[in-house]
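The structure appears right after this line, and notes come after that.
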Amino acid sequence: ESRLTVNITTTGSYCLVARPYFSGANGTTNIYKDGVLTNVATPIGGRLHLNTSTNTGDLNFFTCKLTGNANADTRLFTLPYNASPFSGYNDDYSTAGDYQWGLQSRVKNNLPGIQYYTFVCAFGTGTTGTADTYMACPNSNVYSYFVNLKQNDAIEAAPATGNYNCISWSGGVTTYWSWPPYDPYNVYYLTGNPLGSFDRFYSNTPVKRYSGAANYTRTGANINNAVVDLWAYSGAYTHASVRKPGNDHPHGYDWESKPGNTARTFHPRNGLNGAAPSYYGDVVGYYIPTGTFAARASGTNGIGTDKEAIDAGYDVADKAALSTEATNKLQQMNSRVSGTITEMFNKLYDTWQATWEANKIQSNPLRYYQNAEGEALLKYCRENRSEVLPLVFSRYLQGNTICNHLLSELTMEQYGKLLDEVKNEYIANPYDRQGRYIVNSAYCNGIRHIEKILRENKTTAAITPAPVDPFTVQVAPNPVKDAFNIQLDIKQTSTISIQLVNAQTSATKTVKTATTLLAGTYRFAADIRNMNFVPGSLLTVKVTVNDVTRTYKVITTE
């Protein structure tokens, strides 16, 4: 029996909380105050949860997804130790956020020290049911990226990582980044059919996401029964969010998302909608579980993530690396790339990579290229495809799925059949020698593609492009009286300069000092009135592109 002695120094209303010492114990007790029986057969009960997190600071402890009779209502307490006084308490949480908590409880506070225990009990007698309980969840800074997500509604579920994204997590995957619609390296990719690519991913077709993965379908799915929401902005898919019971996970108080490289976050269903700066747009599609699961060798279904399947020994994470032969060949190819090409590629790539942070909420790799820096890199690589290909291979092998699009842009036309071989070989036999399922990743498929490309190119030199004229020049009008135009078309990024020379007097004039320009067509105006010529004089236009100089003759007239 328990006894509490309290010295009351201030008149007021006080609450006495009687709870069982052991979690899950229940029964009744009589309560006396100053020796007088005040409560007879008072029900006691509740659950004591151990918090294994060491998070401190402003944290969230809450109950949600209440089930039971009409009186289903919770009270929540936090405490540093099992038998210590409570540090935090809440009955029904209310907030200025968009989510309405109702009878659910939430403690959001910077509590002293680590709260190792959370105690949850019913609010009143006759209350029965269940509740999901969350402990020590930090606030999520993801709200800052979305104009319609209230700060108080954003709760972190897992720390930021670039290992997986929203599509992966909505399908129970945490070991790889997945974007089926626009990534040829993804095993679920269907050319020209974005929605069909998503359907294949969620339905485990033609291979399973992992052993025991839930199958999803759009058939019969609607706004009311959806477990996975598919988002789009201006006709392009942008995001997916998931809620309980998706992949046999609780997914927070309402919905959960993993926006790109940021933290997994609990949020209200429509908290991520809107245009700039998020560009997630609105929910445009729905998926529901079929009640079936991808098969595994033995045992029951219901594994919730690929990591759980791997830990259970059913699956293994995908791994890929270049062979020694391919690695040596790539090193030799890189050594033969000109210094000018290498310097410009590295400059453009590094400049583009610096923009990744600004796009970190994006899961669609294409979005990382939709800026001036990404467009400049793609343009340069397309124009110097053969020369930069070894450099692209090396950057890709540093390990980022965002580079899948750059790699596919440069290789699919000539080496697309080799990628088909990569994916077909996996589909034909997705198991390792021990019979464990290999959880396939698009990034590893890219490495295998590079391996095949290097093996197909027997020479150790870089792939030689067809010879092209590096630049062309047009001068007009000719003859010229006062001024004329010089049109220069360069096929690749080059350092150019233009100079005029009076053949009779040797007087010179610089039209353009040495300048590095991207591939393209440029027009320069040349004014000759101060060059002391007489009608019929001969002027020479000297155009230098990199180390090549060509001269063009212009006749003067009155």
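The values are calculated or read from the model by the stated rules, or taken from the named source; none is laboratory data. Note that the structure is predicted; figures quoted are calculated from it, not measured. Here Cβ is always computed from backbone atoms with ideal geometry, including for glycine, and neighbour counts include all displayed protein chains. Accessible surface is based on the protein model in full, side chains and every heavy atom, while ligands, DNA and RNA are left aside. Shrake-Rupley method; radii C 1.70, N 1.55, O 1.52, S 1.80 Å.
How large is the direction-averaged shadow of the alpha-carbon convex hull of segment 104-214, in nm²?
On the way: hull surface 45.1 nm².
The orientation-averaged projected area of the Cα hull of segment 104-214 comes to 11.3 nm².
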For segment 198-286, what size does the Cα cloud have along each of its three principal axes, sorted from largest down, in whole Å? 37, 29, 28
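Compute the length gained on full extension between S335 and N530: take 0.36 nm times their separation in residues and subtract their Cα-Cα distance, giving the result in nm to one decimal.
On the way: separation 195, 0.36 × 195 = 70.20 nm, distance 4.84 nm.
65.4 nm is the gain from fully extending S335 to N530.
Which whole-number percent is the relative contact order of the chain (Cα, under 8 Å, 6+ apart)? List each step's numbers first, then the result.
Values: 1142 pairs, mean separation 55.7, N = 558.
Answer for the chain is 10 percent.
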Subset of K481/K512; K319/K347; K319/K423; K360/K452; K258/K379 violating a 26 Å alpha-carbon distance limit: K319/K347; K360/K452; K258/K379
Per DSSP H run of n ≥ 4, the term is -39500 (n - 2.57); total these for the chain, divide by its residue number, and report the mean residue ellipticity at 222 nm rounded to 500 deg cm²/dmol. -6000 deg cm²/dmol
Computed over the chain, the distribution of all Cα-Cα distances in 10 Å bins, rounded to whole %, is 3, 14, 19, 18, 14, 11, 8, 6, 3, 2, 1, 0, 0
Roughly how much of V473 is accessible, in Å² to the nearest 10, using a 1.4 Å probe? 20
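For segment 212-341, what value does the Rg/Rh ratio take when both radii are computed over Cα atoms and Rh is the Kirkwood radius, given to two decimals? Kindly include the intermediate steps, with their values, before the conclusion.
On the way: Rg = 20.7 Å, Rh = 18.0 Å.
My calculation of the ratio gives 1.15.
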What FRET efficiency would be calculated for the residue pair A25, S53, taking the C-beta separation as r and a Förster radius of 41 Å, to the nearest 0.05? 0.95
Report the calculated FRET efficiency for T515 and S144 (r = Cβ-Cβ distance, R0 = 35 Å), to the nearest 0.05. 0.30
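Got a sec? What order do D482, D547 fall in by accessible area at 1.4 Å, biggest, i.e. largest, first? Working shown, then result.
Working: D482 65, D547 150 Å².
Per-residue accessible area, sorted high to low, gives D547, D482.
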Over the Cα atoms of segment 271-414, what is the Rg over Rh ratio if Rh follows Kirkwood? 1.08
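Please list E413, E357, E1 from largest to smallest accessible area, probe radius 1.4 Å, with all protein chains kept in place. Mind dumping the intermediate values first?
Values: E413 165, E357 110, E1 220 Å².
The ranking, largest first, comes out as E1, E413, E357.
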Excluding ligands, DNA and RNA, the carbon-plus-sulfur percentage of the accessible area of the chain with a 1.4 Å probe reads 50
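Using the heavy atoms of the protein chains and a 1.4 angstrom probe, tell me the accessible area per residue for the chain in square angstrom. Can you show the working numbers first?
Working: 26610 Å² over 558 residues.
Heavy-atom accessible area per residue stands at 48 Å².
What is the extension gain from E421 to A372, computed as 0.36 nm multiplied by their sequence separation minus the C-alpha to C-alpha distance, in nm to one decimal? Mind showing how you got there, number by number?
Values: separation 49, 0.36 × 49 = 17.64 nm, distance 3.43 nm.
That works out to 14.2 nm of additional length.
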